[in-house]
Amino acid sequence: MGQPTPNFVDLISALQAMLPVASLLVDDENQRPFECDGLAVYQQLPLVTVIPETLLQVQEILRLCCLHKVPLVPRGAGTGLCAGAMPHAHGVLLVMTKFDKILHINERTAEATVQPGVRNLALSEASEPYGLYYAPDPSSQIACTIGGNVAENSGGVHCLKYGLTVNNLLQVSMVTIEGELVTFGGDGLDAAGMDLLSLVAGSEGLLGVVVEIKVKLLPRAPRVQVLMAAYSNVTAAGDAVAALIGQGIIPAGLEMMDHLAIKAAEDFVKVGYPIDAQALLICELDGTDAEVEEQLQTVSQCFTDYGAYQIRVAKDDQEAAALWQGRKAAFPAVGRISPDYYCMDGTIPRGQVAHVLTRISELSQHYGLAVANVFHAGDGNLHPLILFDASIDGQLAQAEALGGDILTLCVDVGGTITGEHGVGLEKMPQMPYQFSDAELAQFRRLKAAFDPYELLNPGKGIPTLKYCQEYRSLHNG
Amino acid sequence: MADLTAQLREQVQQAKSEQIPLQIIGANSKSHLGRSVIAMPINTAEHTGIISYSPTELVIRARSGTKISDLNLALAEHDQRLPFDPPQYQMQGTIGGTVATNQSGPARPWFGAVKDSLLGLGLINGYAQEMNFGGQVMKNVAGFDITRLQCGAMGALGLITEVSIKVLPMFKASLTLVFEIDQAAALEIMPAWSNQNLPITGICHWQGMQYVRLQGGQSGVDEAASGLLKQLPGALLDATLAKEFWRQVREQELLQPHGSQVLWRWTGAADASAEALPGAQLINWAGAERWVLAEDRPADNMALVQYQGGDRQAEVNPAMDTHNRALQIRLKHAFDPHGLFNVGRSYAWL
């Protein structure tokens, strides 16, 4: 626990007065599980953790933080990968997991209203009896919450066709730092004025605390077809992806793994991936029987034309699940072959895939750290996994430096430092690389419009002016 | 084809130092939208041209004065299209204006609005700074989504200089079915059909007929058409007539106000009953968008937009609650502290 400030002493008495004992954690032992999110290399205990159960409590907590000028960090399931939910040493950690109710599923209009602590997969499971599902499906969907998905604008393997969280949002209610409840979006598809609904998506808890969300659900496709194509070089697989999209086919999912990832996954789950392959494409098509059949022919032909030496079309659901299982298990599979791994998240134009992979391989040799590549090839979102051993002095720093180089490489080829994981604390060093001082200043003014005292998740997402000046003097000097 | 960014920035700089409010004008095809404001024009009509277009990346970047019709032509050469299929306004409408006014066509419920295809943009803010947000890649969560924030902002946050848009392949097959049913019956059917796995890209009800457009691969479209015709007696509409009908829906030409008439627009829950909005109406977006002509506000309790006609000095957009209003004002100030851009265009107070 950090050093309490006078403001904080007043705040904690006020919190004690309004919250049940179980909703307020002050000792280190009970707060320990909350000291980091999915990026565990960044850890910090907060001064206090609150786990409210009602909207009024959330409003009061924010009002108190505002009154006493104490920083507040909102948190969902803590599955984020950019240390966006890492607590503030002198602040309150607001855990929203008790808000776990699905409030309404409208079968007729295919919409669901949920509390932010509802798990992503739980929403799709609850929609199943109506033949519906929630499309954004990040790899962490079994545990991550819809509130966290809104904060990070999460994607997933199916966002190539069905969009990110922002494309599936209809309405969001949020508590401002002043404790006011405000709603963006509505029953209709387009509200008048600036699009604050879209602004909240991906705002990483810097603008307010989301307390209720209405999303669009989609009808389950009558047929889902998965196929796999193996290549003896990465360039051919990259070209096949560009060619397929260029031919007008938008698969529901189109994933790529490189040799190291294929081997790790196959050793782990044994689903029959060809371990000699240098690149593997996993493609999912969905729609009616007729639509899928038509697309399947085009896709198989395209994969063959671009040099696939093996194509495997899943014969049944079981085989389809197996083909996906290897991809979904890729992260833990890499975790088995290395004491630690660091997952990056850059996005690049599809046409740059081969170039970027070659460059990553050179960087990997330069730093002496292996990199396994798993990515959403359809939309150019890379997840290089850097293998390292944190117990070896200096290796974490080396892994971070390699990661930083990969991200700036993504910017250099016309891409971005984060496709779906967010900036959080982790990617602050690359923000001044991607954005100019004027752009970063605009971000800060935007934040100040919502949070004039800089209390909401401070030190994350958007670097301060001082940070940027230091960065520029270091890199230009 | 000219890049006038530097000149536009200069004009903003001058307006800033002389404290002269500006009115952003592209081709002036949407002057009937929003409130009427009088300010010094700053014109993007000559700031045109496709900056880059890579069909295999599914991305096109163009200057804000580029006409929608020109974008459509360039895309058609590669069998691609704008997913949100916006109105072209007599071939005059520009992409900058389309983004600022948030214009989407009949396929909006299934293929999204402008914001859903918008990947990035260039903007000159009220400090006369040229900035770029978003990018040309499909996924990008670095920084706040200032790109999508511009959709529907009516230019209040700055002058859009260029935009990057995600495009999609053209449909291989297209057909329209018509069903003779009344409004109430249509509204019963619309949400049900809309949320099935069907290649629907338009459901509309107009003058006693329900129009359903199916687009996609040939076999999928044929399969869907025969399925729907089994559910409800209907007919296949002649392809030329169908094309013209959907053009009129997209161009908002079916209901045009004359004299003291006002065109009212409502967007809301697709399953709201037909009685929600009185009078003969055009129902679009499978029930989620409805249009009606009336001299006076047709329903007091509905959030209606006074879309075209009537008093344009009055508020034309639905009233906004205090908190939303305060945030919009603060955001306006964060981008445009001197009140240069389109002041009062969307709301008198903004």
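Taking the numbered list (1) exposed (fewer than 14 other Cβ atoms within 10 Å of the Cβ); (2) in contact with a Lys or Arg (Cβ under 8 Å, 6 or more places away or on another chain); (3) more than 15 Å from residue A:209 (Cα to Cα); (4) of a type outside the set (Val, Ile, Thr) in turn, residue A:53 passes all entries but (3).
Residue by residue, here is whether (1) among the polar types (S, T, N, Q); (2) more than 9 Å from every other protein chain (Cβ to nearest Cβ); (3) surrounded by fewer than 19 Cβ atoms within 10 Å (Cβ to Cβ) holds:
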site	(1), (2), (3)
A:435	no, no, no
A:443	no, no, no
A:448	no, no, yes
A:455	no, yes, no
A:458	no, yes, no
A:462	no, no, no
A:465	no, yes, yes
A:469	yes, yes, yes
A:472	no, yes, yes
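As for region B:321-335, it holds no residue that is of a type in the set (Ser, Thr, Tyr), surrounded by fewer than 20 Cβ atoms within 10 Å (Cβ to Cβ), within 13 Å of chain A (Cβ to nearest Cβ) and closer than 30 Å to residue B:195 by Cβ. Scanning region A:378-422 for residues that are within 14 Å of chain B (Cβ to nearest Cβ), part of a helix (DSSP H, G or I) and farther than 16 Å from residue A:433 by Cα yields A:378, A:379.
For beta carbons closer than 6 Å, sequence separation of 6+ or different chains, a first residue in region B:48-73 that is within 14 Å of chain A (Cβ to nearest Cβ) and a second that is part of a loop (DSSP other than H, G, I, E, B), the qualifying pairs are B:55/B:78; B:57/A:349; B:58/B:167; B:59/B:136; B:60/B:167.
What number of residues within region A:271-281 are surrounded by 24 or more Cβ atoms within 10 Å (Cβ to Cβ) and either under 23 Å from the mean Cα position of the chain (by Cα) or not small (Gly, Ala, Ser) (or both)? Counting residues in region A:271-281 that are surrounded by 24 or more Cβ atoms within 10 Å (Cβ to Cβ) and either under 23 Å from the mean Cα position of the chain (by Cα) or not small (Gly, Ala, Ser) (or both) gives 3. The set of residues in region A:85-116 being open to solvent by 10 Å² or more (accessible area, probe 1.4 Å), within 16 Å of residue A:150 (Cα to Cα) and of a type in the set (Gly, Ala, Ser) consists of A:85 alone.
Taken as a whole, the structure leaves residue A:67 outside the set of residues that are open to solvent by 10 Å² or more (accessible area, probe 1.4 Å) and touching a helix residue (DSSP H, G or I) at 6+ places or on another chain (Cβ under 6 Å). Just the residues that are in contact (Cβ under 8 Å) with a residue 40 or more places away in the chain and open to solvent by 40 Å² or more (accessible area, probe 1.4 Å), please, taken from region A:398-413. Matches in region A:398-413: A:400, A:405. Taking the criterion of being among the aliphatic types (A, V, I, L, M), part of a loop (DSSP other than H, G, I, E, B) and closer than 16 Å to residue B:344 by Cβ, the residues of region B:29-47 that qualify are B:33, B:37, B:38, B:39. When residue A:318 is tested against (1) more than 27 Å from residue A:248 (Cα to Cα); (2) over 24 Å from the mean Cα position of the chain (by Cα); (3) open to solvent by less than 10 Å² (accessible area, probe 1.4 Å), exactly one condition is not met: (3).
Residue count for region A:144-175 satisfying the condition of being among the aliphatic types (A, V, I, L, M) and modelled with pLDDT under 95: 2. Against the numbered list (1) surrounded by fewer than 21 Cβ atoms within 10 Å (Cβ to Cβ); (2) touching a residue at least 40 places away in the same chain (Cβ under 8 Å); (3) under 26 Å from residue B:350 (Cβ atoms); (4) not hydroxyl-bearing (Ser, Thr, Tyr), residue B:288 comes up short only at (1).
Determine, yes or no, whether residue A:327 is basic (Lys, Arg) and either in a strand (DSSP E or B) or surrounded by fewer than 24 Cβ atoms within 10 Å (Cβ to Cβ) (or both). Considered against the rule, which asks whether it is basic (Lys, Arg) and either in a strand (DSSP E or B) or surrounded by fewer than 24 Cβ atoms within 10 Å (Cβ to Cβ) (or both), residue A:327 comes out as no. Here residue A:315 meets the list (1) modelled with pLDDT of 95 or more; (2) assigned to a helix (DSSP H, G or I) almost entirely, failing just condition (2). Could you tell me whether any residue of region A:346-353 is surrounded by 23 or more Cβ atoms within 10 Å (Cβ to Cβ), hydrophobic (A, V, I, L, M, F, W, C) and in a strand (DSSP E or B)? No: zero hits.
Checking region A:184-202 against the condition returns no match, with no residue being buried (at least 23 other Cβ atoms within 10 Å of the Cβ), at pLDDT below 95, more than 7 Å from chain B (Cβ to nearest Cβ) and in contact with a Cys (Cβ under 9 Å, 6 or more places away or on another chain). Close contacts from region B:91-115, counting a first residue that is more than 10 Å from chain A (Cβ to nearest Cβ) and open to solvent by less than 10 Å² (accessible area, probe 1.4 Å) and a second that is of a type in the set (Lys, Arg) and part of a helix (DSSP H, G or I), with Cβ to Cβ under 8 Å and a gap of 6+ residues or different chains, come to B:105/B:250; B:106/B:250.
The values are calculated or read from the model by the stated rules, or taken from the named source; none is laboratory data. For clarity, every value in this text was computed on a predicted model and none was experimentally measured. All Cβ positions, glycine included, derive from the backbone under ideal geometry; neighbour counts span all protein chains shown. Remember, those area values only see protein heavy atoms, side chains included, never the ligands or the DNA or RNA. Shrake-Rupley method; radii C 1.70, N 1.55, O 1.52, S 1.80 Å.
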